[in-house]
1. Angle between the Cα long axis of helix 61-73 and the longest principal axis of the chain, 0 to 90 degrees, nearest 10?
2. Any aspartates and glutamates with Cα under 17 Å of the K52 Cα? List them, leaving off those in the same chain fewer than 8 positions away.
3. Suppose we keep just the DSSP beta bridges with both residues in the chain; what percent of those would be antiparallel, to 5?
4. Within segment 57-214, what whole-number % of the accessible surface is contributed by carbon and sulfur, with the 1.4 Å probe and all protein chains included in the calculation?
5. May I ask which of K130/K253; K130/K242; K87/K182; K87/K242; K182/K226 have a Cα-Cα span longer than 29 Å here?
6. Report the Rg/Rh value for segment 131-260, based on alpha-carbon coordinates and the Kirkwood definition of Rh.
7. Can you give the angle from 0 to 90° between the axis of helix 174-183 and the longest principal axis of the chain, with both taken from C-alpha atoms, to the nearest 10?
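The values are calculated or read from the model by the stated rules, or taken from the named source; none is laboratory data. Keep in mind the model is a prediction, meaning the values are calculated, not measured. What goes into the accessible areas is simple: the full protein's heavy atoms, side chains included, and nothing from ligands, DNA or RNA. Shrake-Rupley method; radii C 1.70, N 1.55, O 1.52, S 1.80 Å.
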Amino acid sequence: MKKMITLVLAILMVASLLTACGGAKSDSDLASIKKNGKLVVGITDYAPMDYKDENGQWTGFDAEFAQLFAKELGVDCEFYVIADWGKKFMELETKQIDAVWNGMTITEEAKLNSNVSDPYVINAQVVVMKADVVAGYTTPDSLSGLTIAVENGSAGQDAAGAITGATIVPLQDQAAALMEVKAGTADACVIDITMANAMTGAGTNYADLAVGISLTEELYGVSFRKDSDVTAAFNDFMAKLKADGTLQALADKYSLTLAG
């Protein structure tokens, strides 16, 4: 009888452990987002993708796109400013954010450190300089010897790094890089053409700056955590918005070119 009781207790203990292990399994990313009631989107201040309107609310192509996706999931959209773009994947992995969604170039680094969505916008890394000198720089080699401001950890930093003889100055974000050129403390900056077109020239705060040569062409994507089930859900949602014309209308609003 004692042996039987011991056996029964042992079975119950094993069953309890198995149940505990099963209960300890964490929710999927999609389930966690729905449970928390919010999608936390990592951004920087970067027109026309993410920037604040006259009421201090985040807007822009990516901001509106993210809000549409959050609505599809039945949750709120919360924006979190990534202070150091070079640490964006650490912010993602530590679950400070659920997505890096800020005109992020699809790179091998992004693919290695995250689960990247299908591409959604075509971009390029371009040189921005004072308007009165930009015509004199027509090749990457002509930029040798210049001081070039870039966003730390960005595709622009990678592109500028390939310029022989240039001094590269990494800064917090692309807006800071533009300000360095305007102030004359940098000869040029390398930033996304989406931002360059929106922020420079007549009628902007950088009317004395102009877009120069293009260094690279690239695609934007959204980063989710490795093996995240949110990526597939987002890709399906994006395909739906492309099919019904919603995404094209949003791209037209912000003068962007959708990826095929």
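1. 20
2. Counting by Cα, and skipping residues close in sequence, K52 has these aspartates and glutamates nearby: D62, E64, E78, D173.
3. Taking every DSSP beta bridge with both residues in the chain, the antiparallel ones total about 60 percent.
4. For segment 57-214, the apolar C and S fraction of the accessible surface comes to 49 percent.
5. Pairs exceeding the cut-off: K130/K242; K87/K242; K182/K226.
6. Details: Rg = 17.3 Å, Rh = 16.6 Å.
Reported Rg/Rh (Cα atoms, Kirkwood Rh): 1.04.
7. The angle comes out near 20 degrees.
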